[in-house]
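Since the structure comes first, as structure tokens, the remarks are kept for the end.
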Amino acid sequence: METTYRIKLVTSIKDKDLTEALDIYLHTVDENSETSTSQIRDYIQNKYDDNRKMFFYILYVNDIVVGFAEYGYLPQSEVLLIDYICTNPRNHTYFYNFYHMLFEDISTILKKKNHFIKYIITELSLKKDNENKYIDVDSNYFRQLLTMEDFKILKTPYYQPYFNIKHELSIMEFNIAIKPLLNGLFPKTIVDENFYYEVMTDIYMNHYASWYEKYMNPEQVNSFFTNLLKRMKKEFTGKIQIDNITLVNCVLFQNGMCQQISTENITLKKKRRYCIKQWGIRILCLLFSVLTAVFCYLEIFNHVVTFICSLFTILSSVIALVDFVKERIFSK
């Protein structure tokens, strides 16, 4: 059986297949990650002249509509931002064919205007339910697919803006996945603060704010994203590594119980919790050491009590030493 894949750049809301493509989009994207279809239609219709360029595509298999894609290109940082690639059904073959077809088509369009792509970036949800389970099926699905395309995770502070139920701007914590199309971003290297802040500013101000200010008070939108950038800058720890995306087709991970895989971003708040834990171990070690010395010096307890106290001292010292070695030696 011969299968043909095709993409079509949408330039008019009168396109006969747009409604069907948007219906697939609405029933595929995770809650709070979707953009209003009326806004998408408005953007296609008015062809806004922004600093960044938007691309909307309909996806076909054997001339049947199977999905919708939305991309944005940020010329300032030369980033191609994947907003959505939605297919029905979810299918690895569909994704990889469309992903590469979309990239080639957009690259060709951009090159005609002397624009080039240095990085491909997309967002991945970290939302959990009350039982600590990762519940965004679409996001977990893309983690598996993006791994094969050599995307990396920036575990930096990042928040995806969205319209809440009151039609106000709100945020959710997300991961940023990035694929460099040039040398420079490798696993276990440190994220440069200037690079991080410049790219985040470009995404927030020239992608999100540029979109939302057409449907909300522009001053409120600008203030929202300015404050969000200040928050992220404060939360940046300065020593955040670039990591490979870890596959998540794991029951323990899905249940929020896996100790080897972490999708959480690193912020100052989390780093402080880590420091409190470390200092707690050191204080316990010191406390047991002092108590052992006092008991032995005063000789007011029997040998069993002294032995138990000494044992606690040794155990707390070993824990502190192991943590120190892991932090100072094996992490390098």
query: In the range 219-242, which residues are over 29 Å from Y48 (Cβ atoms), in contact (Cβ under 8 Å) with a residue 60 or more places away in the chain and open to solvent by less than 30 Å² (accessible area, probe 1.4 Å)?
result: F236, I240, I242
message: Whether any residue in the range 208-218 is closer than 17 Å to Y158 by Cα, under 16 Å from the mean Cα position of the chain (by Cα) and either surrounded by 15 or more Cβ atoms within 10 Å (Cβ to Cβ) or of a type in the set (S, T, N, Q) (or both) is what I want to check.
response: yes
message: For the condition among the polar types (S, T, N, Q), farther than 16 Å from S12 by Cβ, surrounded by fewer than 19 Cβ atoms within 10 Å (Cβ to Cβ) and under 21 Å from the mean Cα position of the chain (by Cα), what is the one hit in N32, N62?
response: N32
message: Which condition from (1) at pLDDT 90 or above; (2) crowded, with 18+ Cβ neighbours inside 10 Å; (3) among the aromatic types (F, W, Y); (4) more than 22 Å from F55 (Cβ to Cβ) is the one that Y197 breaks?
response: (2)
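The values are calculated or read from the model by the stated rules, or taken from the named source; none is laboratory data. Predicted model, so just to flag it, every value in this text is computed and none were measured. Note: ideal-geometry Cβ built from the backbone for every residue, glycine included; neighbour counts use all protein chains shown. These accessible areas exclude ligands, DNA and RNA; they are computed on the full protein's heavy atoms, side chains included. Shrake-Rupley method; radii C 1.70, N 1.55, O 1.52, S 1.80 Å.
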